[in-house]
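These notes concern the structure reproduced below.
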């Protein structure tokens with residue numbers, strides 16, 4: 001069963017921070033979401049406390065971010081979740097070093113019955129479709145958190161192709177849209193901003209990606225993520241939730 005959640009980076013920016021998990025969950029539940037992507041905790045007791053609060057409201061989360069990569073793996077496994085993000089950062093590294101380190105994390109996570117999910121991202125070593133395909137080849141046991149917006153903006157990547165041809169690698173999906181404002185700017189974050197679904201001005205086949213997931217029997221999380229909000233985030237998120245309902249989830 002597909003569950004729909006919020007990868008809430010943009011909400012944190014708009015509000016200044018995440019101040020209360022319970023209030024955040026209550027607000028998201030009211031507009032039809034099932035949970036958030038990452039529970040972030042500083043200790044095991046903190047993680048248990050927050051998870052209990054989330055589940056008490058009938059909400060959920062997909063993975064944990066702990067104080068260290070090791071605790072993130074252990075807490076995610078303890079809660080019965082399926083994947084963690086790569087702990088290896090690609091800043092200042094070459095592609096081969098990054099892949100080697102991700103493969104090591106994949107090896108360790110197999111002991112905990114977890115997948116590692118690479119999130120393709122603008123400005124990273126895995127940005128374009130060519131880079132993503134090279135990564136998937138170099139790290140054959142690593143999963144993918146497919147970000148439709150980041151891939152489409154990166155030199156016209158094709159998220160529908162990835163969803164169709166690498167379906168078995170998907171551990172989660174981020175669906176996003178983009179408003180291009182200054183495509184010739186030096187840095188990607190100066191070229192535009194992510195927005196509510198249906199509000200972008202470049203073609204991203206989010207509806208077809210979602211329909212492909214449904215058709216293929218995807219059993220995981222689909223996350224809305226708006227890095228930038230120009231109004232109350234709950235308004236944007238309500239629009240995006242309705243978009244996904246019409247697409248079939």
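The values are calculated or read from the model by the stated rules, or taken from the named source; none is laboratory data. These numbers were taken from a predicted model, which means no experiment stands behind them. In this analysis, Cβ positions are derived from the backbone assuming ideal geometry, glycine residues included, and neighbour counts consider all displayed protein chains.
The rows are residues; the columns are (1) within 19 Å of residue 240 (Cα to Cα); (2) modelled with pLDDT of 95 or more; (3) surrounded by 22 or more Cβ atoms within 10 Å (Cβ to Cβ).
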{"residue": "169", "(1), (2), (3)": "no, yes, no"}
{"residue": "178", "(1), (2), (3)": "yes, yes, yes"}
{"residue": "185", "(1), (2), (3)": "no, no, no"}
{"residue": "205", "(1), (2), (3)": "yes, yes, no"}
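If only residues of region 129-157 that are assigned to a loop (DSSP other than H, G, I, E, B) and either at pLDDT below 95 or surrounded by 16 or more Cβ atoms within 10 Å (Cβ to Cβ) (or both) are counted, the one that is nearest to the chain's Cα centre (by Cα) is 142. Of 108, 116, all but one fail to be surrounded by fewer than 19 Cβ atoms within 10 Å (Cβ to Cβ) and either touching a helix residue (DSSP H, G or I) at 6+ places or on another chain (Cβ under 8 Å) or at pLDDT 95 or above (or both); the exception is 108. The residues on offer are 100, 24, and the sole one that is modelled with pLDDT under 95 and part of a helix (DSSP H, G or I) is 24.
Within region 27-42, being modelled with pLDDT under 95 and either in a loop (DSSP other than H, G, I, E, B) or on the phi > 0 side of the Ramachandran plot (or both) holds for 41, 42. What are the residue pairs meeting all of these: first residue in region 201-214, first residue without any contact (Cβ under 8 Å) to a residue 60 or more places away in the chain, second residue surrounded by fewer than 16 Cβ atoms within 10 Å (Cβ to Cβ) and in a helix (DSSP H, G or I), Cβ atoms under 7 Å, and 6 or more apart or on different chains? Sorted first by the residue in region 201-214, then by its partner, the pairs are 212/164.
The residue of region 59-78 that is surrounded by the most Cβ atoms within 10 Å (Cβ to Cβ), among those that are touching a helix residue (DSSP H, G or I) at 6+ places or on another chain (Cβ under 7 Å) and under 22 Å from residue 234 (Cα atoms), is 61.
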